[in-house]
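Worksheet: the structure to be examined is printed underneath.
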């Protein structure tokens, strides 16, 4: 009984901006709902999307980075019109008014639909984000070679 | 008589920055001129590229958004060196000196070459951009599922 | 004796940000090390990654652009937390502490692994960056049509 092969989507999530994460999770959940096999590879600022709660690294620079960029997914700001937090508040408000799900809700939908979350090991080391500070649904923390392997087999590849 | 299948390019245009839009439309027109079937899915800030003229939403936040981001394609600023409009002026000047087409001209070339423009319905709702404020060449305003469908069949996919 | 066809990766490098270039070269070297055929098409700000040394254009605006954006790959700043150079210093420091290669080292690794570097002719003209100011390993400076040709044959395509 030959099973039709699922189409595959592989995304690099480099950005931690609210609006870009929103686009990324919308595409990921949309694809998973259309019966695609979806893998998201989170690297650099994108790792914020996987964090459990505010936490900083241990070195001085790690703590400095945490100060400005330590929050979880709900603390992300839009890439434009950030205005020191006003942009975030404004977009949340506009989205709520239109009954659009929050980022955390979209992420949960992705999990429920079987989207695979992979963390970039090297970024986690450089930015001092240990695995135990990330949500439990992170499937694995691996090097870029693992992403390449996924991407080679994918029908759609995107860098966000 | 078997016709050779056209290669397909599907792009997400998330950015509304002058320089990124320039790159996006250059790739789109280049691909269409090379006989590819091209679809551009405009979402978030990218929707600016499809607007007819300056216009704001109706709610207070919609009007605020319009104040800072309400212009059409000719009002986009580069992602770097924006300097409150100086960057835009400077790039326009440098491009003109080298006989490079403007963004509006590039968009028209894309239309003439048969590039399909699709607007992201959810972003249009959140950002309060009704369809009648967009250029007539916008083929349809649809959800992310329609983009996924296009992307699955595409040979090249890009997120700009 | 049929040789298996190499998988192909085609990237547009639009960004000149330190962190994005880092991601781009990591993916490129990772892919080349996995025996993929890799082409990087550098355009706009991304051209900085190929410059030999600080140099500005000849026109007044070209010189102004050089003043703010004239440095080579080692002068790139991260896309977030730039803080007038502090971000660059901080990331270099954090990466060094974790024995992560520098951007210049990553670029050299890409060259050694046979990654092809292509410069976007139109951007070079607009931004007044002549070929002789770029590193010798730039294979060719061509129009967007050449990139389209590469991308059509590619298994993975990314816009960074």
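Values in this text are rule-based calculations from the coordinates and carry no lab data. Note that this is a predicted model, so its numbers are computed, not measured. Cβ placement follows ideal geometry from the backbone for every residue including glycine, while neighbour counts extend to all protein chains displayed.
Of note:
- On Cα atoms only, tilt of A:18-33 relative to the major axis of chain A in degrees: 20 degrees
- Taking A:39, A:133, A:29 in turn, the Gaussian network model of chain A (Cα-Cα springs below 10 Å) assigns the largest fluctuation to A:133.
- Mean separation of Cα pairs under 8 Å and 6 or more residues apart, divided by the residue count, gives segment B:1-47 a relative contact order of 56 percent.
- Shortest first, residue B:97 label-point distances to identical copies amount to 4.3, 4.3 nm, with the label point at 7 Å from Cα along Cα→Cβ.
- Gap separating the Cα centres of segment A:130-144 and segment C:130-160, nearest whole Å: 34 Å
- The long axis of helix C:103-112 is offset from the longest Cα principal axis of chain C by roughly 30 degrees.
- Counting DSSP beta bridges with both ends in chain C, the antiparallel % (nearest 5): 5 percent
- Sorted from nearest, the other copies put their residue B:143 label points 4.2, 4.2 nm away, the label point being 7 Å from Cα in the direction of Cβ.
- Mean partner shielding of peptide B:142-155, defined as the number of other chain Cβ atoms within 10 Å of each residue Cβ, is 5.
- Among B:122, B:40, B:94: highest mean-square fluctuation, GNM of chain B, C-alpha pairs under 10 Å: B:94
- For chain A, the relative contact order works out to 34 percent when only alpha carbon pairs closer than 8 Å and six or more residues apart are counted.
- Potential extension, residue C:145-residue C:6 segment - 0.36 nm per residue separation minus Cα distance: 47.8 nm
- Inter-copy label distances at residue B:86, shortest first and taken from points set 7 Å along Cα to Cβ: 2.3, 2.3 nm.
- When the convex hull of its Cα atoms is viewed from all sides, the protein assembly as shown shows a mean projected area of 24.3 nm².
- Chain lengthening between residue A:58 and residue A:96 when straightened (0.36 nm per residue, less Cα-Cα): 10.0 nm
- Helix axis angle, A:60-69 relative to chain A longest principal axis, alpha carbon, degrees: 80 degrees
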